[in-house]
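Trainee: Quick one: this structure, given as C-alpha cells, is what I'll be asking you about.
Just so it is clear, none of the values below were taken in a lab; they were calculated from the coordinates. Remember, it's a predicted structure, so these values are computed and weren't measured experimentally. Every residue, glycine among them, receives a Cβ derived from its backbone with ideal geometry; neighbour counts consider all protein chains shown.
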Ligand code: NAP
C-alpha cells in the first residue's frame, strides 16, 4: 500500500514524510492501535513518540501487527522518538537504549534530545550545557553504530542550536519545535536554513485550540476545508513537516488531506500576521 504523502530530504540523505502522526497523550494499547491503523490507511508513514509519552512499547507493538496487515514493512515507516529530560547527560546511553528496546523495531529513524535542560535541575544550572553535550556525544555514538539513523534536537533556542553546531561531530538532522501561525519562529527557521537542519513543527493545531480561532475558521470556510487542514497546510506550504495528534480515526484521516489544495498568498499572509509569540507548550528560553 503506497502513500502519496510528500517528504523532505534530510541532511543524512534520507527522506522524512511531511506529515506524521503525533502521539503525545495517545496511551493504552487500544487507542494507539486504532490511531496507528487509521493513520496507515490514510497514508501516514511517520510516527512521533518519546520516552516521556510512555507509549514507545505500544507504538512498536501496534506497528509490528499492523505493517503486515497493510502490506508494509519496517522500511516503509519513519519512527521518531526522544531522549527524556531525566536521562540528559550521563544517563543518555541508558535512556536511548531503553527507547530502542521499548520500540523493538531494530532501529529508530530519528532520535531527538527532547529538551535542552535536565529534569530535576534548575534552568539556570551551569551543568546544563555539559549534560547536553554528553547526550549529543551518546547519540553520535549510536548513530555511528546504525541504531539511530538520524539524530536531532527539540525545543532548542537559537543559542542552544549555535552551541551544538559549533561543537558537534555529527550535524543535527532535525530541530522539532512548536510552530503555528501564532508562533512563526522566524529566528529559529533562519538558523536551521543556515546550517541545513530540517525545521519540524509540533503543536501545529495549537493543541487543538487554534482550530477555533476566528481568522482560521473564516479561511477554512472560504476554501471548504477544516480549520485543522488550514493550519497544517499553512505549515507544509512553507516546507515545514507537521505532526498532528488525534486519537479520533476520522480526524486522523481528515488531517491527512492537506496536499490536495493550496492557500492563496493573502490567506498565507493573513495567518502569518497572527504571529504574537504565543506558546501552547513548554518554553526553553530560560534554559542556560
Ligand atoms: P496538536 O497536534 O496541535 O493538537 C492535538 C489536539 O488537537 C488534540 O486535543 C486533538 O484531539 C485535537 N485535534 C486533532 N485533530 C483535530 C481536528 N481535525 N479538529 C479539531 N481538533 C483536533 O498538539 P500536540 O499533540 O501538542 O502536538 C502534536 C504532536 O507533536 C504531539 O502529539 C507530539 O508527537 C509532538 N510534540 C512534541 C513536543 C516536543 O517537546 N518535542 C511537544 C508537543 C508535541 P483528539 O485527539 O481528541 O482528536
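Trainee: In nm, to one decimal, how far is the residue 209 label point from the residue 90 one, both placed 7 Å along Cα→Cβ?
Mentor: 3.9
Trainee: Contour minus end-to-end for residue 165 and residue 126, with contour as 0.36 nm per residue of separation and end-to-end as the Cα-Cα distance? Could you put the intermediate results ahead of the total?
Mentor: Numbers: separation 39, 0.36 × 39 = 14.04 nm, distance 1.92 nm.
Separation in residues times 0.36 nm, less the Cα-Cα distance, equals 12.1 nm.
Trainee: Let me ask something else. Given springs between every Cα pair under 10 Å in a Gaussian network model of the chain, which of 263, 175, 110 has the largest fluctuation?
Mentor: Between 263, 175, 110, it is 263 that shows the largest mean-square fluctuation.
Trainee: Which percentage, to the nearest 5, of the DSSP beta bridges contained in the range 1-156 is antiparallel?
Mentor: For the range 1-156, the DSSP antiparallel bridge percentage is about 20.
Trainee: Continuing with the same structure: Round to a whole angstrom and tell me the spacing of the C-alpha centers of the range 78-117 and the range 143-196.
Mentor: The distance from the Cα centre of the range 78-117 to that of the range 143-196 comes to 16 Å.
Trainee: Report, in deg cm²/dmol and to the nearest 500, the calculated mean residue ellipticity at 222 nm for the chain, where each DSSP H run with n ≥ 4 adds -39500 (n - 2.57) and the sum is divided by the residue count.
Mentor: Numbers: 10 runs with 112 residues, N = 288.
Taking each H run of at least 4 residues, the total per residue is -12000 deg cm²/dmol.
Trainee: By its C-alpha gyration tensor, with a ≥ b ≥ c as the square roots of the eigenvalues, how is the chain shaped: rounded for a/c under 1.5, else prolate for a/b larger than b/c, else oblate?
Mentor: Cα axes put the chain in the oblate bin.
Trainee: What shape does the range 52-130 take by its C-alpha gyration tensor, where a ≥ b ≥ c are the square roots of the eigenvalues and a/c under 1.5 counts as rounded, a/b above b/c as prolate, and the rest as oblate?
Mentor: In terms of gyration-tensor shape, prolate.
Trainee: Let me have the relative contact order for the chain, percent, based on Cα pairs under 8 Å that are six or more residues apart.
Mentor: Worked out over the chain, it gives 21 percent.
Trainee: Relative contact order of the range 6-60, please, whole-number percent, based on alpha carbon pairs below 8 angstrom and at least 6 residues apart.
Mentor: Numbers: 64 pairs, mean separation 20.5, N = 55.
Relative contact order of the range 6-60: 37 percent.
Trainee: Between 61, 169, 189, which gets the highest mean-square fluctuation from a Gaussian network model of the chain, Cα cutoff 10 Å?
Mentor: 169
Trainee: Given the options 260, 269, 37, state which has the largest fluctuation in a GNM of the chain using a 10 Å cut-off (strictly under) for Cα springs.
Mentor: 260
Trainee: Looking only at the chain, where both bridge partners belong to it, what percent of the DSSP beta bridges are antiparallel (to the nearest 5)?
Mentor: 15
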